[in-house]
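Colleague: Would you mind keeping the following structure in view while I ask a few things?
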Amino acid sequence: MSIKIFLTGSTGYVGGALLHVLISRMTDCTITSLVRTTEQATLLESTYPGIKTTIGTLESRDLLISEASKSDIVIHAANVDHVSGTLSLLDGLKSHHSEGRSALYILVSGTGSLPDETVKPGQPMPRVFDDVINAEEIWNLPRDRSHVAIERRFVEEGEAANVRTVVVSPGQIFHTGVGVGKKESYLNEHPRAMFQHGGAFVVKEGLNTWCWVSVEDLAEGICLLARRHLDQLAAGEKDFGPGYGRDGYYFAQAGELSVTEQAEVIADELFKLGAIKSTDIDHIDEEHAKRLHGWGVLLWGSSMRAHAQKLRDLGWTPTTTDWKALVRRAARAEWEALQAGQVKPVTGYSQWE
């Protein structure tokens, strides 16, 4: 009998690329995607013959429970902070244990919990969080930090229901153009804000650093975890070797770069395109950053540093290491959109949908 995977966010930034990779890697599985409209359903079904779709939203509790209850693996790549949607999928998996089945629920989160509030904007954060060495500290991060409360509740309720839960937490995600979903995230906000500012900029000293990963490498890491789950079930192994529950927190990270490095590459690309008059980098204060974008201080002034040792221990190796090419891609996309008269609104701090 075919293994069933239920995926959310399949026309979004992460989920769109993830669906593309799942189709090629999980050929022995039947994939059902949650979509909001018939137009999205038609797009996916025409692009990926054999995929199934169901129309609803993260508010469709009964639908989410029903689809999860029929699935062997649930991958939630839409909005992690949508509490009812995240937990409705978990509720749907709770019946598996009583039926003698073992389900896996993978939640795609993010490293928004890592910024140290004692580090001033534009300054470097010396700490790098390693998901092996610092596993207990990551688990005990304050609940008022971004994503922490829902991650904690997700794991605790999963443990109580005997559902294998895994959290995959990427840093800044750079898109490579695969899939039919959204192709822009908060990386694109930087060149977009430069048009508004009139040139390249960083917040204050610009020494803050972010980890990053390509969306395809993130998708490959998620597929690796799903495949390990299925292989171990097929072999009759009861324990999920990679770790789940409190031991199932995985960073996805290929490298890191400072916001100044990012700004320099964007400036160079935009200057070559004739979009800006100089490659000089302005140093702006927090208030100016907030005027450019509601999340400007976080996006361009904070640090998020993580090392993905757990996935590497499983054999995951990022194949996309040229971050400069991906940053240039985002800069070109925003300039082309501006030239085409496409007005891009402030999108907020989200990279899921």
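The values are calculated or read from the model by the stated rules, or taken from the named source; none is laboratory data. Values in this document were obtained by computation on a predicted structure and should not be read as measured data. Don't worry about glycine lacking a Cβ; one is built from the backbone with ideal geometry, like all the others, and counts go over all protein chains shown.
Colleague: For region 288-306: of the residues being of a type in the set (Gly, Ala, Ser) and part of a loop (DSSP other than H, G, I, E, B), which is surrounded by the fewest Cβ atoms within 10 Å (Cβ to Cβ)?
Modeller: Going through the qualifying residues, I end up with GLY294.
Colleague: Here are THR165, THR260: which of them is at pLDDT 95 or above and farther than 26 Å from VAL83 by Cα?
Modeller: Working: THR165 fails: farther than 26 Å from VAL83 by Cα.
The match here is THR260.
Colleague: SER71 - would you say it is of a type in the set (S, T, N, Q) and assigned to a helix (DSSP H, G or I)?
Modeller: On the way: of a type in the set (S, T, N, Q): yes; assigned to a helix (DSSP H, G or I): no.
So SER71 fails the test.
Colleague: Kindly indicate which of SER24, SER66, SER95 is within 21 Å of ARG228 (Cα to Cα), surrounded by fewer than 17 Cβ atoms within 10 Å (Cβ to Cβ) and of a type in the set (S, T, N, Q). Let's see the steps before the verdict.
Modeller: Details: SER66 fails: within 21 Å of ARG228 (Cα to Cα); SER95 fails: within 21 Å of ARG228 (Cα to Cα).
Answer to the selection: SER24.
Colleague: Something else now. Determine if region 204-213 includes at least one residue that is under 27 Å from ALA41 (Cα atoms) and touching a helix residue (DSSP H, G or I) at 6+ places or on another chain (Cβ under 7 Å).
Modeller: The answer is no, given that none of the residues of region 204-213 is under 27 Å from ALA41 (Cα atoms) and touching a helix residue (DSSP H, G or I) at 6+ places or on another chain (Cβ under 7 Å).
Colleague: Can I ask one more? Quick one: ALA219 ticks every box in (1) buried (at least 16 other Cβ atoms within 10 Å of the Cβ); (2) in contact with a strand residue (DSSP E or B) (Cβ under 7 Å, 6 or more places away or on another chain) except a single one, so which number is it?
Modeller: (2)
Colleague: Give just the number: which of (1) in contact with a strand residue (DSSP E or B) (Cβ under 9 Å, 6 or more places away or on another chain); (2) modelled with pLDDT of 95 or more does THR176 not satisfy?
Modeller: All conditions pass for THR176, except number (2).
Colleague: Within region 250-267, take every residue that is assigned to a helix (DSSP H, G or I) and in contact (Cβ under 8 Å) with a residue 12 or more places away in the chain and give me the one that is nearest to MET125 (Cα to Cα).
Modeller: Here the residue is VAL259.
Colleague: On to the next question. Of the residues GLU184, GLU156, which is out of contact with any Phe, Trp or Tyr (no Cβ under 8 Å at 6 or more places or on another chain) and either charged (D, E, K, R) or crowded, with 19+ Cβ neighbours inside 10 Å (or both)?
Modeller: On the way: GLU184 fails: out of contact with any Phe, Trp or Tyr (no Cβ under 8 Å at 6 or more places or on another chain).
It is GLU156.
Colleague: Continuing with this model, one more query. Could you tell me which of the residues ASP322, ASP268, ASP285, ASP280 is modelled with pLDDT under 95, of a type in the set (Asp, Glu), surrounded by fewer than 22 Cβ atoms within 10 Å (Cβ to Cβ) and more than 18 Å from the chain's Cα centre (by Cα)?
Modeller: On inspection, the qualifying residue turns out to be ASP322.
Colleague: In this structure, is PHE251 farther than 30 Å from GLU336 by Cα and at pLDDT 95 or above?
Modeller: It is true that PHE251 is farther than 30 Å from GLU336 by Cα and at pLDDT 95 or above.
Colleague: Only one of these is closer than 30 Å to GLY236 by Cβ, touching a residue at least 12 places away in the same chain (Cβ under 8 Å), in contact with a strand residue (DSSP E or B) (Cβ under 8 Å, 6 or more places away or on another chain) and among the β-branched types (Val, Ile, Thr): ILE55, ILE73, ILE65. Name it.
Modeller: Answer to the selection: ILE73.
Colleague: Regarding region 113-128, can at least one residue be identified that is farther than 26 Å from LEU207 by Cβ and either modelled with pLDDT of 90 or more or in contact with a Lys or Arg (Cβ under 7 Å, 6 or more places away or on another chain) (or both)?
Modeller: no
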